[in-house]
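See below for the structure under consideration.
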């Protein structure tokens with residue numbers, strides 16, 4: 001067996017032991033992990049310093065370096081997030097259906113862990129701990145494959161998790177780290193269909209594409225967020241400005257940030273100039289269609305590739321559209337199935353937006369930034385699914401489970 | 001665009017129109033389909049007669065011919081099944097979660113159609129109509145790719161469905177038929193990731209394997225059922241005989257039939273001889289381990305490949321195991337994740353069976369034959385999923401939907 005296959009087989013074995021661990025034991029182990037992270041922060045930061053030094057040698061840029069960097073407050077944050085997961089309800093054992101047939105046969109559907117979840121991610125080392133905590137809480141073993149730039153940090157963090165699991169008498173093998181370095185280990189990992197139940201890739205498009213191409217295991221991708229805000233004729237201008245600024249400027253680098261503003265031509269003269277001014281005053285570059293530029297001289301001309309583009313920066317595409325039909329058509333063509341917002345006072349058009357948009361999340365008069373596990377009441381999230389199968393949108397603990405039919409009788413046979 | 005890509009794109013366009021059709025319109029169309037099937041049965045049977053003639057020419061065997069054959073009563077049965085689907089509740093629009101945050105933002109999760117479902121199946125023409133009815137009721141378009149041996153029958157049946165949809169002012173394109181004949185069209189179909197949301201293959205292992213190998217679209221396989229019955233020490237003998245006979249003999253050719261009987265060594269002397277006699281009296285061939293054959297001289301010796309084998313016939317593998325641990329280990333190694341039964345009087349071992357078996361369905365003192373959409377209260381089923389993602393076990397209408405987050409506010413932004 002290859003190294004990757006061996007790691008996955010160990011995780012599979014551990015998953016059986018973990019599946020029926022009671023909530024109290026899992027929570028105690030998670031609290032111990034949090035304490036362990038705080039106690040061993042020097043060791044973690046030393047490993048992280050090595051990663052940072054190597055990254056600097058390779059000429060890594062500021063933003064990527066920042067995502068890679070850990071310090072005392074960040075380690076405490078990571079530990080705090082584990083404690084929050086411990087405080088969440090245990091999804092395992094939840095009863096989804098329970099009925100008794102006329103012949104006395106009881107039919108239940110009960111939530112159970114998925115088994116083994118493989119997490120493939122890039123720079124940010126906190127994912128190592130966040131993903132482990134969520135998978136373990138839902139009774140799953142996890143196989144981690146982080147980026148090579150964070151290899152030492154990830155190994156140090158995973159070692160704390162595994163050590164604390166073992167001290168809490170849970171299987172150490174429930175957390176496995178696949179060596180980073182080559183794409184070969186990713187390819188091999190996503191083909192372990194006999195031992196891995198789900199692969200969750202988080203990262204750039206190249207990674208997601210590679211995983212999709214080679215996977216023989218089911219994949220839930222945390223893929224691009226190309227989120228739109230459509231400002232309808234008659235919309236409240238102050239509300240529209242608030243939603244646009246919050247969507248684009250609060251945190252431009254995340255997947256639920258706005259990438260494109262659509263404005264109804266019927267009301268663009270009133271709405272667009274002050275919207276544009278508010279955004280540009282906030283340091284945002286606008287790339288507009290011709291009709292936009294006629295109203296907003298400060299906007300650059302949008303290129304064809306600016307529609308459907310994930311800028312992840314203080315840049316926003318702006319298009320004047322022909323009413324809600326134009327907006328729906330634009331989103332159908334360029335949206336990524338993540339989060340789509342309308343700002344409107346019209347109930348009919350609000351309902352068309354809710355029911356005609358094919359995306360994980362639609363918002364009416366609310367910021368796209370709310371599409372987040374914490375904000376939606378999930379407590380935490382392991383990613384945001386832009387595919388439709390199994391789970392859609394922000395993925396909390398439930399998304400890491402499946403269910404089992406359980407039939408109880410006293411000898412019933414089928415007639 | 002290739003022919004297959006064109007069909008799928010048409011289905012995708014139709015799926016948008018179908019997604020928000022109210023229940024009454026969908027049900028009216030389904031009732032019209034049922035009436036159309038009855039009215040045009042001569043046309044359907046003529047097409048079927050051609051398929052049968054070709055199959056006979058190719059020397060097709062009795063069982064396969066029988067699965068292919070339609071007659072008046074079977075057409076009426078197919079029509080009746082469509083009426084049953086019309087009578088089921090509409091899953092679309094069901095609210096899974098609904099809460100309002102302190103800031104007034106309302107957060108809902110609402111059931112919506114998946115979009116386009118591709119169904120790949122073999123001989124039985126009734127699947128053409130059954131799958132179409134279930135997909136349409138759940139608001140989905142369907143792309144059908146049946147076996148070449150039933151090509152004329154499938155085309156005739158699908159034409160009735162499409163004609164009645166069009167007469168009911170629903171999109172005719174919601175039902176597409178991919179020409180059978182070569183595996184190339186299957187390969188192409190399962191790679192239409194921009195237009196197809198889910199592929200459901202039903203058929204032999206070669207088909208399932210081919211689909212899994214080539215798919216770029218999510219797959220829920222209706223795969224092998226290798227179901228076990230473990231008879232525990234102290235079990236009620238009469239109950240055990242009832243469960244074994246019902247599981248193996250009532251309908252040996254289906255996926256929820258028994259393929260292997262496990263008996264606790266501690267009580268095998270009492271249990272096994274009468275169990276074996278009842279099965280053999282029912283015309284069943286037994287293939288046993290050495291310990292079985294010591295107690296049941298009439299059993300043949302089981303070969304290594306008889307464990308984990310789907311006989312789909314009046315043949316049963318029989319093994320004496322060392323208590324429930326032996327039974328659990330056997331099932332973990334040889335089970336296919338479909339349905340696993342225990343016959344026991346012991347509550348602790350019953351609970352171990354429920355919680356330690358990793359299968360879509362576990363039964364305690366009940367026949368494996370109950371794992372069926374109709375029996376479990378789903379009304380109908382499109383297949384039985386032996387994978388874990390999205391849905392597990394008998395798949396009814398809910399399994400053909402996903403959900404969408406819908407956020408409603410009055411200008412809320414994220415702090």
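A short reminder: the numbers here are calculations on the coordinates, not readings from a lab. Nothing here was measured: the structure is a model prediction, and the numbers come from that model. Here Cβ is always computed from backbone atoms with ideal geometry, including for glycine, and neighbour counts include all displayed protein chains.
Sorted from nearest, the other copies put their residue A:13 label points 5.7 nm away, the label point being 7 Å from Cα in the direction of Cβ. Residues in region B:87-130 near a label at residue B:2, defined as backbone nitrogen under 17 Å from the 7 Å Cα→Cβ point? Answer for this model: B:118-121. Reported to the nearest whole Å, the Cα centre-to-centre distance from region B:376-397 to region A:193-229 is 25.
Dividing the mean sequence gap of close Cα pairs (under 8 Å, 6+ apart) by how many residues region B:136-276 holds gives a relative contact order of 17 percent. Rounded to the nearest 10 degrees, the inclination of helix B:72-87 to the longest alpha-carbon principal axis of chain B is 70 degrees. When chain A is turned onto chain B, the axis of that turn runs closest to one Cβ of chain A, and that residue with its distance in whole Å is A:390, 2. Take each peptide in B:48-55, A:189-196, count the other Cβ atoms within 10 Å of every residue, and average; sorted highest first, the result is A:189-196, B:48-55.
When the P(r) of region B:227-370 is calculated, the portion above 20 Å amounts to 36% of the C-alpha pairs. Between residue A:346 and residue A:63, what's the calculated FRET efficiency when r is the beta-carbon distance and R0 is 41 Å? Round to 0.05. E between residue A:346 and residue A:63, to the nearest 0.05, is 0.55.
Comment: the Cα-to-Cβ extended label point of residue B:313, at 7 Å, lies 6.7 nm from its counterparts in the other copies, nearest first. Of the beta bridges in chain B, as assigned by DSSP with both residues counted there, near 30 percent are antiparallel. Taking the DSSP bridge list for the protein assembly as shown and keeping only pairs wholly inside it, about 25 percent are antiparallel. The mean of 1/r over all pairs of different alpha-carbon atoms in the protein assembly as shown, once inverted, gives a Kirkwood hydrodynamic radius of 28.7 Å.
Shielding of peptide A:101-111 by partners, expressed as the average count of other chain Cβ atoms within 10 Å per residue Cβ, is 3. Label zone (residue B:17, point 7 Å along Cα-to-C-beta; backbone nitrogen cut-off 17 Å) within region B:147-172: B:159-172. The relative contact order of region A:227-370 comes to 33 percent, based on Cα pairs under 8 Å that sit 6 or more residues apart. Inter-label distance, residue A:205 to residue A:280: 2.8 nm, where each label sits 7 Å from its Cα along the C-beta direction. Once the Cα atoms are used to define both axes, helix B:23-39 deviates from the longest principal axis of chain B by about 70 degrees. Other protein chain C-beta atoms within 10 Å of residue C-beta, averaged over B:382-391: 4. Separation of region A:255-305 from region B:92-107 is 31 Å, based on Cα centroids. Among the residues of B:216-222, the average count of other protein chain beta-carbon atoms within 10 Å of the residue beta-carbon is 2. Take residue B:103, push a point 7 Å out from Cα through the beta-carbon direction, and compare it with the same point in every other copy: 5.4 nm, smallest first.
Calculated on the alpha-carbon coordinates, the convex hull of chain A measures out at 174 cubic angstrom per residue. Sorting B:333-341, A:27-35 by their mean Cβ neighbour count within 10 Å, with the most densely packed peptide first, gives B:333-341, A:27-35.
Against chain A, whose longest principal axis comes from its Cα atoms, helix A:205-214 is set at around 50 degrees.
At a Förster radius of 30 Å, what calculated FRET efficiency corresponds to the Cβ-Cβ distance of residue B:356 and residue A:97, to the nearest 0.05? The pair residue B:356/residue A:97 has a calculated efficiency of 0.90.
Say a paramagnetic label sat at a point 7 Å from the Cα of residue A:333, along Cα to Cβ; which residues of region A:343-380 have their backbone N under 20 Å from it? Residues passing the 20 Å test: A:353, A:356-359.
Measuring nothing but how far apart in sequence close Cα pairs (under 8 Å, 6+ apart) lie, relative to its length, chain A scores a relative contact order of 17 percent. Each peptide in A:212-220, A:276-284 gets a packing score, the mean of other Cβ atoms within 10 Å over its residues, and the list from highest to lowest is A:212-220, A:276-284. Restricting the calculation to Cα atoms, region A:1-52 shows an Rg/Rh of 1.14 when the hydrodynamic-style radius is the Kirkwood one.
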